[in-house]
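Just below is one structure, and these are the notes that go with it.
The values are calculated or read from the model by the stated rules, or taken from the named source; none is laboratory data. Everything numeric in this text was worked out from a predicted model, so none of it was measured. Cβ coordinates were reconstructed from backbone atoms using ideal geometry, including for glycine residues, and neighbour counts include every protein chain displayed. The protein model used for the area step is the full one, side chains on, heavy atoms only, and it has no ligands, DNA or RNA in it. Shrake-Rupley method; radii C 1.70, N 1.55, O 1.52, S 1.80 Å.
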Amino acid sequence: MNYTIRICGEAGQGIQTTGEGFSRLFSSLGYNVFSFQDYESRIRGGHNFYQITFGTDEVFAPKKFLDLILTFDKRGLEYKDLLQRGGIVIYDADSLKQSESDERFINCPFRGMLKDAGLKNIFENVLSFALVSNIFSIDKKYVYKVIQDIFSDKSEEILAQNMKAINIGYTYDIKKKIGLAPSNSDSKILLDGVKGVGIGAIGSGCKFYSAYPMTPSTGVFQYVGANAEKYNIVVEQAEDELSAINMTLGASFAGVRAMTGTSGGGFALMNEALSLSGMTETPIVMLLSQRPGPATGFPTRTEQGELLYAIHAGHGDFPKVVFAPGDPLECALLTNKAFDLAEKYQIPAIVLTDQHLVDSLYSYEKDLKIDLKNQDYRLRSAEFESYQDYKRHKFLDLNKENPLSPLAVPGDSKQLVFTDSDEHDEEGHITEDGEVRKKQLERRYFWKIENIRKEMSPPRIYGNKNSKIVLVGFGSNLGILKEIANNKKLSICAIHYSEIFPLPLRENSEEALNKMLNAYITICIENNASGQFQKLIESEYRLKFSNNIRKFDGRPFNYDEVLEGIYAII
């Protein structure tokens with residue numbers, strides 16, 4: 001049994017804090033939780049909402065229909081048509097200067113109660129948080145704990161005022177109660193995509209992170225920065241994206257694992273330096289957190305519109321890898337794999353997320369273990385000193401198991417480490433020799449891309465593997481695919497790709513490809529207008545999808561609309 005709450009209001013009214021409070025509360029009680037945000041690109045005003053689905057059933061994606069609306073603005077009243085049977089709207093008629101006669105609307109005079117108690121209006125979100133918790137019959141001690149955790153860095157006076165607001169919310173005489181099925185689980189932990197990528201980077205040994213703030217990538221920048229001292233990481237806010245990626249290249253060339261992050265237009269500025277990474281074979285990891293474009297687009301909304309751009313970014317032929325994780329756990333694991341492959345093959349690696357993934361909270365079991373790999377592939381110290389006749393781009397026998405030129409650390413030996421952005425010879429010096437160019441590309445491009453492909457994992461398959469209706473997607477649509485695969489109304493096979501470029505070998509993807517080739521209906525689902533993922537799969541594996549479901553209004557898919565889309569097709 002699951003329930004969905006939507007909290008509505010203007011920017012600056014504490015909508016995010018209230019939403020995260022509910023997510024913490026329900027996960028601490030052992031319920032499965034999924035929450036996401038919808039917010040406008042402004043500091044104050046506008047209309048925002050935060051939606052939480054929680055309960056005893058697994059939940060991975062947004063729901064269309066609501067059980068409770070808590071609103072601090074008039075726009076929130078307009079969602080009444082999304083209410084489930086028995087659903088209610090909590091609002092303050094005096095504050096909104098609007099009274100509703102519909103019996104589903106419950107007027108709670110938040111501001112009036114606060115005024116009577118000598119508290120300011122800013123406590124209305126805490127008061128309402130307690131009031132809604134009481135509707136679900138949650139013991140007040142759990143609400144105290146959540147509020148204490150959220151405001152742990154505030155003064156005793158502020159904390160005491162919050163506790164007072166909780167008591168007011170709990171003592172308000174509200175007749176409506178929603179029966180909450182008991183949880184059979186211990187408390188859970190919450191992760192979002194920001195923490196997932198950040199954990200993956202720190203766990204991979206990242207020692208340098210440089211970025212220019214740009215939504216929705218900034219969260220990872222802040223997370224790594226907040227942990228910089230603890231894990232001995234240099235974090236630099238650059239003056240622009242060109243500087244950010246070039247600093248990252250410099251740090252990597254100097255011998256440490258390095259990462260940069262950006263979104264949309266920032267990634268466009270980084271493209272020349274991305275090519276420099278390919279030419280000089282300097283490993284870097286880039287976070288590309290997508291938002292709707294082109295140009296400034298929808299700065300705070302979501303889209304999967306940069307898949308092909310990420311794959312084809314940069315000029316000239318050089319290998320790269322692109323991962324598109326589907327949830328926070330995959331964010332950690334694939335950021336780790338990006339660091340590993342980037343350094344192993346001396347290439348740039350891109351982690352492709354989007355606003356929906358980085359800003360959404362998912363619950364996991366409290367004892368979640370994330371196994372990360374941290375192998376140093378560089379030639380250092382004594383090993384480098386004793387290496388004979390070091391050349392940064394030395395030609396090695398391509399028939400051997402690992403014909404990669406060792407990635408040495410400058411200054412760790414008397415031997416010279418030299419490279420150049422022009423085509424270069426084995427020692428790194430500029431050349432225009434055609435034969436040298438050919439040999440460099442054979443080593444730098446062909447050998448690498450074919451061997452990287454062997455390391456890419458096949459897609460995961462969910463639901464009824466014998467179903468003749470196959471739904472295929474990538475990246476942040478993992479949650480929707482899992483929800484549809486779990487549904488009891490239709491029998492669906494769902495296939496999810498997160499290791500995108502180069503795509504896994506055909507022979508390693510045989511099970512998934514056979515499901516698609518033998519299906520009556522194949523539906524490609526993605527959040528963009530042009531069907532970028534569909535084009536990629538069709539061209540790579542020479543198959544045709546029979547149908548597609550695309551969404552490009554800046555909002556993520558919800559479970560019900562995808563199910564409706566499938567019904568419309570079949």
**In the range 462-493, residue modelled with the lowest pLDDT [restricted to those that are farther than 25 Å from Ile350 by Cβ and of a type in the set (A, V, I, L, M)]** = Leu490
**Prompt:** Do we have any residue at all in the range 323-346 that's assigned to a strand (DSSP E or B), under 30 Å from Gly265 (Cβ atoms) and modelled with pLDDT of 95 or more?
**Reply:** yes
**Prompt:** For Ile311, are the conditions met, namely being assigned to a helix (DSSP H, G or I) and at negative phi?
**Reply:** yes
**Message:** Of all residues being in contact with a Lys or Arg (Cβ under 9 Å, 6 or more places away or on another chain) and among the aromatic types (Phe, Trp, Tyr) in the range 208-233, which is least open to solvent (accessible area, probe 1.4 Å)? Just the residue, please.
**Reply:** Phe208
**Request:** Provide a single number: the residues in the range 509-567 that are open to solvent by 20 Å² or more (accessible area, probe 1.4 Å), in a loop (DSSP other than H, G, I, E, B), of a type in the set (Gly, Ala, Ser) and farther than 25 Å from Asn486 by Cβ.
**Result:** 2
**Message:** Please go through (1) more than 20 Å from Thr4 (Cβ to Cβ); (2) polar (S, T, N, Q); (3) modelled with pLDDT of 95 or more for Ser155 and return the number of the only condition it doesn't satisfy.
**Reply:** (3)
**Asked** Within the set of pairs 6+ apart or on separate chains, which have a first residue in the range 181-196 that is more than 27 Å from Val358 (Cβ to Cβ), a second that is surrounded by 21 or more Cβ atoms within 10 Å (Cβ to Cβ), and C-beta atoms under 7 Å apart?
**Response** Ser183/Tyr31
**Asked** Which one of the conditions (1) assigned to a strand (DSSP E or B); (2) open to solvent by 40 Å² or more (accessible area, probe 1.4 Å); (3) closer than 28 Å to Ile122 by Cβ does Ile43 fail to meet, given that it meets all the rest?
**Response** (1)
**Item:** Elements of type strands (runs of 3 or more DSSP E) in the range 426-500, at least 1 residues being open to solvent by 20 Å² or more (accessible area, probe 1.4 Å) and not small (Gly, Ala, Ser)
**Value:** 460-463, 469-474
**Prompt:** Only one residue in Gly112, Gly118 is assigned to a loop (DSSP other than H, G, I, E, B) and either modelled with pLDDT of 95 or more or more than 22 Å from Gln16 (Cα to Cα) (or both), so which one is that?
**Reply:** Gly118
**Fill in**
Given (1) more than 14 Å from Gly255 (Cα to Cα); (2) in a loop (DSSP other than H, G, I, E, B); (3) modelled with pLDDT under 95, Pro406 misses just (1)
**Asked** For the range 312-333, which residues satisfy the criterion of being open to solvent by less than 10 Å² (accessible area, probe 1.4 Å), touching a residue at least 60 places away in the same chain (Cβ under 8 Å) and among the hydrophobic types (A, V, I, L, M, F, W, C)?
**Response** Val321, Val322, Phe323, Ala324, Cys331, Ala332
**Message:** Here is a check on your reading of the model: is Phe54 assigned to a strand (DSSP E or B), open to solvent by less than 50 Å² (accessible area, probe 1.4 Å) and out of contact with any Lys or Arg (no Cβ under 9 Å at 6 or more places or on another chain)?
**Reply:** yes
**Prompt:** So which pairs qualify, if the first residue must be in the range 248-274 and within 20 Å of Val197 (Cβ to Cβ), the second must be surrounded by 24 or more Cβ atoms within 10 Å (Cβ to Cβ) and of a type in the set (Phe, Trp, Tyr), the Cβ gap must be under 6 Å, and the two must be at least 6 apart or on different chains?
**Reply:** Arg257/Phe339; Met259/Tyr209; Gly261/Phe221
